[in-house]
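**Student:** My questions all concern the structure below.
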Amino acid sequence: MGATLTAGDLRKGLKLEIDGEPYLIVDFEFSKPGKGQALYRCRLRNMITGTQFDRTYRSGDKFLAADLDEQEMEFLYKEGNRYHFMNTATYEQVELAEESVGDAKNFLTENLHVDMLFFKGAPIGISLPNFVELKVIKSDPGVKGDTASGATKPVTLETGYEIQVPLFIEEGDVLKLDTRTGTYVERVKAST
Amino acid sequence: MNPRDILAAKRWRLEMRSRILHGMRLFFMERGFTEVQTPVRTPAPAPELHIDAVRSEGWYLHTSPELYMKRLLAAGYEKIFQICPVFRKGERGRRHHPEFTLLEWYRLGADSNALKKDCEDLLQAVCSHVGRYPHCPYGPHTLSVLPPWEDRTVRNVFRDRAGWDPLKNYDADRFALDLVEKIEPALGFPKPVFLSDYPPQEAALARLRPHEDLWVAERFELYWAGVELANGFSELTDRREQEDRFRECLDRRRADGRDVYPWPERFLESLEHLERAAGIALGVDRLVMLLTDASSIDDVTAFGPEHEP
């Protein structure tokens, strides 16, 4: 069970358990109108469903810190809409449904190491390294377009993810991508 | 950013802060006020339900210079002001710093209306002193300091924006929540606005007077651009009534498990020599925020409590 917290502990980035689910405080404002009581205004995001809501707390309110744990995992394979991972320390295998993997699926390749988040022992999501390298499997050679700087074209990566890249990128190239923004960074290996 | 770069980036705001303080002092000096200094450490801070003092070797750091300044009033000082750091436990946020700077001023023989006039004159003088007269950019807004400023009663604002009457059916929790969520954010655009005549329960040291069918505290707050800037009132000078309020406040603090401050006997004695008077406290950091288009109090104070020396 998570530690008990008071309203004075609330701040942006803190993770709480509310009604049995983990929430992240994404926005926080301390207020104290006039000679009145302290109010703690929070915008909370459900860490499983992603839904958000606003709630104002008072001093005296008590909270439970979300019981969260992170473990390093290696991605093994996908089967149907289940993603299979292996704990790099214990070799224990864990599977995660596609909706829990979320947008991270666009960057998952076999043997990639990720951090898996557990809430009360159950896996709820993964966080990727900031940068990954992926191969281009489809690029339309017919696209010539505008050769002026800044011109881009769409390519498909080995994960099925489609992305805008500079015109010089070709099929078979390996690209470095920023997983936080989902964007192209640079070409790390040209196809030959 | 490393700590040196953070400090360097604050420089123009801290220079504005210095000029704003200078402008304030000029304003009060020119009007015959005396700048005073009262103890920062005190054995007995003013009993307030929701303000917690920081302990200091059995005494306390003051949460406002109010009690000492009123003792000066009671001794016949007609016009006094002070600019000082004050300390309030647990108050930390975008507009809160547990050690912040208050400007307080007091007038003997005056009521809250005289203070409202002072506010209009002071803000105009300070804005003009720092090149923000009559307009001042603040986020996407263009603020204006030009009088006249609107003066609204708490009762009317609550009826309009929250749909209930806090004078008739006072509810402390609902009052604070609606004020913060429904009322404050939209108050004071583009000009400052006064919110006047508070429920008696919302004022520990203010004088009461009959208003329509009920009693109200002769207290007002000054808001500008959604920011609570100053709190002023006509002083309660009836010793008995003040004692009753302090006793009730300290009883509630005891029941809530909060620090119960010692009885401020000297202050209460001094009330017997105090007739009509009014006083106000203005948050200096917040005014600097408005005049330098800052979104956080940390932009206008060199160091926060989290920063080690």
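The values are calculated or read from the model by the stated rules, or taken from the named source; none is laboratory data. What you see is a predicted model; the values in this text were computed from it and never measured. A quick note on method: Cβ atoms are made from the backbone with ideal geometry, for glycine too, and the neighbour counts reach across all protein chains shown. Side chains included, ligands, DNA and RNA excluded: accessible areas come from the protein's heavy atoms. Shrake-Rupley method; radii C 1.70, N 1.55, O 1.52, S 1.80 Å.
**Student:** If I go through region A:54-75 residue by residue, how many of them are away from chain B (no Cβ under 14 Å), within 20 Å of A:GLY8 (Cα to Cα), outside any loop (DSSP other than H, G, I, E, B) and open to solvent by 40 Å² or more (accessible area, probe 1.4 Å)?
**Tutor:** Going through region A:54-75 one residue at a time, the tally reaches 1.
**Student:** Does region B:175-193 hold any residues that are under 30 Å from B:TYR68 (Cα atoms) and either away from every other protein chain (no Cβ under 13 Å) or open to solvent by 20 Å² or more (accessible area, probe 1.4 Å) (or both), and which are they?
**Tutor:** Those that are under 30 Å from B:TYR68 (Cα atoms) and either away from every other protein chain (no Cβ under 13 Å) or open to solvent by 20 Å² or more (accessible area, probe 1.4 Å) (or both): B:PRO192, B:VAL193.
**Student:** A follow-up question, please. In the set B:ALA204, B:ALA217, which member is in a loop (DSSP other than H, G, I, E, B) and closer than 30 Å to B:PHE189 by Cα?
**Tutor:** Answer to the check: B:ALA204.
**Student:** Only one residue in B:ALA74, B:ALA8, B:ALA46 is of a type in the set (Gly, Ala, Ser), under 30 Å from B:ARG252 (Cβ atoms) and over 15 Å from the mean Cα position of the chain (by Cα). Which one?
**Tutor:** Of B:ALA74, B:ALA8, B:ALA46, the one residue that is of a type in the set (Gly, Ala, Ser), under 30 Å from B:ARG252 (Cβ atoms) and over 15 Å from the mean Cα position of the chain (by Cα) is B:ALA74.
**Student:** Test each condition in (1) among the basic types (Lys, Arg); (2) over 30 Å from B:ASP251 (Cα atoms); (3) buried (at least 17 other Cβ atoms within 10 Å of the Cβ) for B:ARG25 and report the one that comes out false.
**Tutor:** So B:ARG25 meets the others, but not (3).
**Student:** In this structure, does B:ASP173 turn out to be over 25 Å from A:ASP54 (Cα atoms) and acidic (Asp, Glu)?
**Tutor:** no
**Student:** Inside region A:26-47, can you point out the residues that are among the polar types (S, T, N, Q) and facing chain B (nearest Cβ under 7 Å)?
**Tutor:** Within region A:26-47, A:SER31, A:GLN37 qualify.
**Student:** Additional query: So, in region A:95-123, how many residues would count as being open to solvent by less than 20 Å² (accessible area, probe 1.4 Å) and among the β-branched types (Val, Ile, Thr)?
**Tutor:** Looking only at that region, the number is 2.
**Student:** Shifting gears a bit: With the condition kept exactly as written, say whether any residue in region A:133-142 is basic (Lys, Arg), outside any loop (DSSP other than H, G, I, E, B) and at pLDDT 95 or above.
**Tutor:** Pass one, region A:133-142, residues basic (Lys, Arg): A:135, A:138.
From what's left, outside any loop (DSSP other than H, G, I, E, B): A:135, A:138.
So of that shortlist, the ones also at pLDDT 95 or above come out as A:135.
Yes, because at least one residue in region A:133-142 is basic (Lys, Arg), outside any loop (DSSP other than H, G, I, E, B) and at pLDDT 95 or above.
**Student:** Of all residues in region B:169-206, which are of a type in the set (A, V, I, L, M) and in contact (Cβ under 8 Å) with a residue 60 or more places away in the chain?
**Tutor:** Residues satisfying the conditions are B:ALA204, B:LEU205.
**Student:** On to the next question. Identify, from the list B:ALA162, B:ALA125, the residue that is touching a Leu at 6+ places or on another chain (Cβ under 9 Å), among the aliphatic types (A, V, I, L, M) and more than 24 Å from B:ILE280 (Cβ to Cβ). Spell out how you get there, then give the answer.
**Tutor:** Details: B:ALA125 fails: more than 24 Å from B:ILE280 (Cβ to Cβ).
Criteria check complete, one pass: B:ALA162.
**Student:** Can you run down the residue pairs with Cβ atoms below 8 Å, 6 or more apart or on separate chains, where the first is in region B:25-48 and of a type in the set (D, E, K, R) and the partner is assigned to a loop (DSSP other than H, G, I, E, B)?
**Tutor:** Between residues of region B:25-48 that are of a type in the set (D, E, K, R) and residues that are assigned to a loop (DSSP other than H, G, I, E, B), the close pairs are B:ARG41/B:HIS62; B:GLU48/A:LYS35; B:GLU48/B:THR63; B:GLU48/B:ALA204.
**Student:** Cβ-Cβ below 9 Å, separation at least six or inter-chain, first residue in region A:12-28 and open to solvent by less than 70 Å² (accessible area, probe 1.4 Å), second among the acidic types (Asp, Glu): which pairs?
**Tutor:** From residues that are open to solvent by less than 70 Å² (accessible area, probe 1.4 Å), the pairs are A:GLU17/A:ASP67; A:PRO22/A:ASP67; A:TYR23/A:GLU17.
**Student:** Now for a separate question. Here are some conditions: (1) free of Cβ contacts under 8 Å to residues at least 60 places away in the same chain; (2) open to solvent by less than 10 Å² (accessible area, probe 1.4 Å); (3) of a type in the set (A, V, I, L, M, F, W, C); (4) within 14 Å of chain A (Cβ to nearest Cβ). B:VAL145 meets all but one. Which one does it not meet?
**Tutor:** (4)
**Student:** Out of region B:46-59, which residues are open to solvent by 10 Å² or more (accessible area, probe 1.4 Å) and more than 12 Å from chain A (Cβ to nearest Cβ)?
**Tutor:** B:VAL54, B:ARG55, B:SER56, B:GLU57, B:GLY58, B:TRP59
**Student:** Report the residue count in region A:1-53 for those that are assigned to a loop (DSSP other than H, G, I, E, B) and among the charged types (D, E, K, R). Break it down stepwise before answering.
**Tutor:** Restricting attention to region A:1-53, the residues satisfying the condition of being assigned to a loop (DSSP other than H, G, I, E, B) are A:1-3, A:10-14, A:19-20, A:32-38, A:47-51.
Then drop every residue that is not among the charged types (D, E, K, R), which leaves A:11-12, A:19, A:32, A:35.
Looking only at that region, the number is 5.
**Student:** Among the residues in region B:131-140, are any away from chain A (no Cβ under 14 Å) and either open to solvent by less than 20 Å² (accessible area, probe 1.4 Å) or of a type in the set (D, E, K, R) (or both)?
**Tutor:** Within region B:131-140 (the criterion being away from chain A (no Cβ under 14 Å) and either open to solvent by less than 20 Å² (accessible area, probe 1.4 Å) or of a type in the set (D, E, K, R) (or both)), the answer is yes, since at least one residue qualifies.
**Student:** Condition check: open to solvent by 70 Å² or more (accessible area, probe 1.4 Å) and farther than 23 Å from B:ALA278 by Cβ. Does B:ARG31 satisfy that?
**Tutor:** The answer is no for B:ARG31.
**Student:** Filter region B:227-244 down to residues that are away from chain A (no Cβ under 14 Å) and in contact (Cβ under 8 Å) with a residue 40 or more places away in the chain and give me whichever is surrounded by the most Cβ atoms within 10 Å (Cβ to Cβ).
**Tutor:** Step one: filter region B:227-244 for residues away from chain A (no Cβ under 14 Å), giving B:234-235, B:237-244.
Narrowing further to those that are in contact (Cβ under 8 Å) with a residue 40 or more places away in the chain: B:234-235, B:237.
Numbers: B:SER234: 24, B:GLU235: 28, B:THR237: 20.
Here the answer is B:GLU235.
**Student:** List every residue pair whose Cβ atoms sit under 6 Å apart, with the two residues 6 or more apart in sequence or on different chains, where the first one lies in region B:152-168 and is closer than 16 Å to B:ALA203 by Cβ and the second, anywhere, is open to solvent by 10 Å² or more (accessible area, probe 1.4 Å) and β-branched (Val, Ile, Thr).
**Tutor:** Short answer, once both residue conditions are applied: none.
**Student:** A further question on this structure: Within region B:84-119, how many residues turn out to be at positive phi and away from every other protein chain (no Cβ under 14 Å)?
**Tutor:** Total meeting the criteria: 1.
**Student:** Follow-up question, since we're still on this one. Could you list all residues from region B:197-226 that are open to solvent by less than 10 Å² (accessible area, probe 1.4 Å), closer than 22 Å to B:LYS168 by Cβ and more than 12 Å from every other protein chain (Cβ to nearest Cβ)?
**Tutor:** B:VAL216, the sole residue that qualifies.
**Student:** Taking the residues in region B:154-174 that are touching an Asp or Glu at 6+ places or on another chain (Cβ under 7 Å) and within 14 Å of another protein chain (Cβ to nearest Cβ) as candidates, determine which candidate is most open to solvent (accessible area, probe 1.4 Å).
**Tutor:** Restricting to residues being touching an Asp or Glu at 6+ places or on another chain (Cβ under 7 Å) and within 14 Å of another protein chain (Cβ to nearest Cβ), the top hit is B:ALA162.
**Student:** Let me ask another. Just to verify a result, which residue in region B:245-267, among those that are within 12 Å of chain A (Cβ to nearest Cβ) and in a loop (DSSP other than H, G, I, E, B), is nearest to B:LEU123 (Cα to Cα)?
**Tutor:** B:ARG258
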